[in-house]
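Asker: Pasting a structure below so you can have a look.
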Amino acid sequence: MLEYTGIAIINGKVAAVGTDADVAVWTKSGISEVDLKGRTVAPGINDAHCHPLYLGLGLTTSTLRRR
């Protein structure tokens, strides 16, 4: 299993994923770096096609909270 430790995000989009050294080339002055201290990055919920009624009913039973 591959283990990536770095991710570069530019204008809200993933530009690169890899080791810290792989994504270090994306850093410039004025760009911030965040140390997640071993935590996992996961994509948010994005559904281009949904039926509003069923989506709403489904969200009433989901636990979506930040830890």
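The values are calculated or read from the model by the stated rules, or taken from the named source; none is laboratory data. Quick caveat, the model's predicted, so the values are computed rather than measured. Here the Cβ positions follow ideal geometry from the backbone for every residue, glycine too, while neighbour counts run over all protein chains shown.
Asker: Mind checking which residues of the stretch 4-36 are over 15 Å from the mean Cα position of the chain (by Cα), outside any helix (DSSP H, G or I) and charged (D, E, K, R)?
Answerer: 28
Asker: Suppose the filter is part of a loop (DSSP other than H, G, I, E, B), loosely packed, with under 10 Cβ neighbours inside 10 Å and either modelled with pLDDT under 80 or basic (Lys, Arg) (or both); does residue 44 pass it?
Answerer: The answer is yes for residue 44.
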